[in-house]
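Enquirer: I'd like to ask some things about the structure below.
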Amino acid sequence: MGLDLDACISQLLQKQLLAESLIKEICEKTKELLMNESNCVSISAPVTVENSILFHRQFYDLIEIFRIGGYCPSTNYLFLGDYVDRGLFSVETISLLTCLKLRYPHRVQLVRGNHESRAVTQTYGFYTECVRKYGSTNVWHYFTDMFDYLTLSVVIDDRIFCVHGGLSPSIHSIDQIKILDRYREIPHEGPMADLVWSDPDPDKDEFAISPRGAGYTFGGLVVKKFLEINNMEHILRAHQLCMEGYQVLYDDRLSTVWSAPNYCYRCGNMASILEVGVDGQRFFNVFDAAPENDRDGPSQQTSLEKKDKIHYFL
């Protein structure tokens, strides 16, 4: 009997964990699928874009996004990374997104973020959550191995460059991204690290050392030059908390979309999803936290922090 993805998706939408054996099979099949994708996947609008930091692991907010934007396959989705850590339901979130990718491979795109990493997930919660929910590290290994296969970037209609973090002083053209070896743990430095760690700095023009300790900050001249070289119009990225849910910089050349309302159940921020139309028009749909978070968020997080000594912070 084959893998019933519709049954898996239905189960996960009810916030019920999948069996470990199913997770293993799903991750293996997803790796096979992702191997056929470029480091820079080309897609067409219309598409709804989210900073899956949203999911920095607020499962109810993922469901809220589907309520707002529409469920697959009626809506095309591009998720910009950070599917795990700093939340209570990382396992359910990444399980659901992986099943959706496998079920609707051309309608769901998953970009790698800096949290899709063995090193980071051992520090920020996903590792501990997997052990707590499954009793071993197996599920963590299945997912982190699969993370190595996720694409690094997406281009919408040859005019919008989408990435989790930002730009790199080592990368001038899209062709340079396409030849990177992505099938590995995210390195501490170099162009692959820069794509998932870098941030724009509105007070700078060029590249500078990032206070994060990885990647770079980059300014308006860097963005303008990258877009000119690659004959594009806009850069769309995630990676940074925006209190209003999104931010637009550099004369509308770069946008940050943030889809985690009331981040870590404590920040009080708004969130947004970005709808890109067939004509390239961009519309930010801003929303607040799902009401279920008031019930399951803070109380469960406090309980887990006391029990497992897990500390979630920005």
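The values are calculated or read from the model by the stated rules, or taken from the named source; none is laboratory data. Predicted, not measured: the structure shown is a model, and the values here were computed from it. Please note: Cβ atoms are built from the backbone with ideal geometry, for glycine as well, and neighbour counts cover all protein chains shown. When the accessible area is computed, the model is the full protein with side chains, heavy atoms only, and any ligands, DNA or RNA have been set aside. Shrake-Rupley method; radii C 1.70, N 1.55, O 1.52, S 1.80 Å.
Enquirer: Could you give the spread of the C-alpha atoms of the stretch 201-256 along their three principal axes, from largest to smallest, in whole angstroms?
Expert: Dimensions of the stretch 201-256 along the principal axes of its Cα atoms: 29, 26, 17 Å.
Enquirer: Next question. Got a sec? Charge dipole of the chain, +1 on Cβ for Lys and Arg, -1 for Asp and Glu; which of Pro191, Ala208, Leu62 is way out at the positive end?
Expert: In the chain, that residue is Leu62.
Enquirer: Can you tell me the order of 236-248, 179-191 when each peptide is scored by its average per-residue count of other Cβ atoms within 10 angstrom, highest first?
Expert: The packing order, highest mean first, is 236-248, 179-191.
Enquirer: Would you tally the net charge around Gly69, using a Cβ to Cβ cut-off of less than 11 Å, leaving Gly69 out, and scoring K and R as +1, D and E as -1?
Expert: In short, -2.
Enquirer: Ok, one more. Could you report the stretch 100-169's accessible area per residue, 1.4 Å probe, as an integer in Å²?
Expert: Numbers: 2020 Å² over 70 residues.
Value returned for the stretch 100-169: 29 Å² of accessible area per residue.
Enquirer: All other residues with a Cβ under 14 Å from the Cβ of Arg112 taken together, and with Lys, Arg as +1 and Asp, Glu as -1, what is their net charge?
Expert: Cβ neighbours under 14 Å give a net charge of -3.
Enquirer: Could you work out what % of the accessible surface of the stretch 7-306 is carbon and sulfur, using a 1.4 angstrom probe and leaving DNA, RNA and ligands out of the count?
Expert: For the stretch 7-306, the apolar C and S fraction of the accessible surface comes to 47 percent.
Enquirer: Divide, for the chain, the radius of gyration over alpha carbons by 2.2 N^0.38 Å, where N is the residue count. Can you show the working numbers first?
Expert: On the way: Rg = 18.2 Å, N = 314, 2.2 N^0.38 = 19.6 Å.
So the chain has a normalised radius of gyration of 0.93.
Enquirer: Using only alpha carbons, build the gyration tensor for the stretch 1-112 and give me the equivalent ellipsoid semi-axes, biggest first, whole Å.
Expert: Taking √(5λ) for each Cα gyration eigenvalue gives 19, 18, 14 Å.
Enquirer: Then there's this: Leu5: net charge of surrounding residues, Cβ under 11 Å, Lys/Arg +1, Asp/Glu -1, itself excluded?
Expert: 0
Enquirer: Please state the charge dipole magnitude for the chain, taken about the Cα centre, from unit charges on C-beta atoms (+1 on K and R, -1 on D and E), reported in debye and rounded to the nearest 20.
Expert: Rounded to the nearest 20 debye, it is 620 debye.
Enquirer: Please find the FRET efficiency linking Ile68 to Asp252, where r is the Cβ-Cβ separation and R0 is fixed at 25 Å, and quote it to the nearest 0.05.
Expert: Numbers: r = 24 Å, r/R0 = 0.95.
About 0.60, to the nearest 0.05.
Enquirer: With springs connecting C-alpha atoms under 10 Å apart, model the chain as a Gaussian network and identify which of Ser90, Ser42, Ser117 has the largest mean-square fluctuation.
Expert: Its mean-square fluctuation being the largest, the pick is Ser42.
Enquirer: Keeping all protein chains in position, work out how much accessible area Phe207 exposes to a 1.4 Å probe, and write it in Å² to the nearest 10.
Expert: Result for Phe207: roughly 70 Å² accessible.
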